[in-house]
1. If each of Ala55 and Arg114 carries a label point 7 Å out from its Cα toward its Cβ, how far apart are those two points in nm?
2. Between Asp62 and Gln15, what length comes free when the chain is fully extended (0.36 nm per residue of separation minus the Cα-Cα distance, one decimal in nm)?
3. Using a basic spin-label model with each label point 7 Å from the Cα along Cα→Cβ, how many nm lie between Lys88 and Thr47?
4. Got a sec? How would Met84, Met97 order by Cβ neighbour count within 10 Å, fewest to most?
5. Hey, fewest Cβ within 10 Å first, where do Thr40, Thr47 land in order?
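Derivation of every value follows stated rules applied to the coordinates shown; laboratory data play no part. Just so it is clear, the structure is predicted and the values come from calculations on it, not from any experiment. For neighbour counting, all protein chains shown are included, and Cβ atoms are generated from backbone atoms with ideal geometry for every residue, glycine included.
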Amino acid sequence: MSDVTNAVPLEITCQAVQQKLAAGEPFFFLDCREPDEYATAKIAGATLLPMSQLADRAAEIDAHKNELVVVHCHHGGRSLRVAMWLRKQGFTQVCSMAGGIDVWSQQIDPTVPRY
């Protein structure tokens, strides 16, 4: 069930996200973890919208429907589910950050705490 019109891959590497941030490329960075996880560790520039609240709060991100949306979580599982759900809601350019904030901490920014 692939959408051939969607040129954005379902997953993006942490390195590619870091390059987009460093280059100042515009995209919406969505953190779908829970508030307690966000309080423990976060990536600057990401907006918290927990997966558990997404269905009820999806309208809050409707403005980003036709923009690149990168979703991240702890290890990449929840963000992949959120990315697939958002695609079904009409988000045309959404992808999941593979490995999540855990890989980000190991490979991009060791100041981000691991948990």
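1. 3.5
2. So the extension gain works out to 14.3 nm.
3. About 2.2 nm separates the two model spin labels.
4. Ascending Cβ contact count within 10 Å gives the list Met84, Met97.
5. Final ranking by Cβ density, sparse to dense: Thr47, Thr40.
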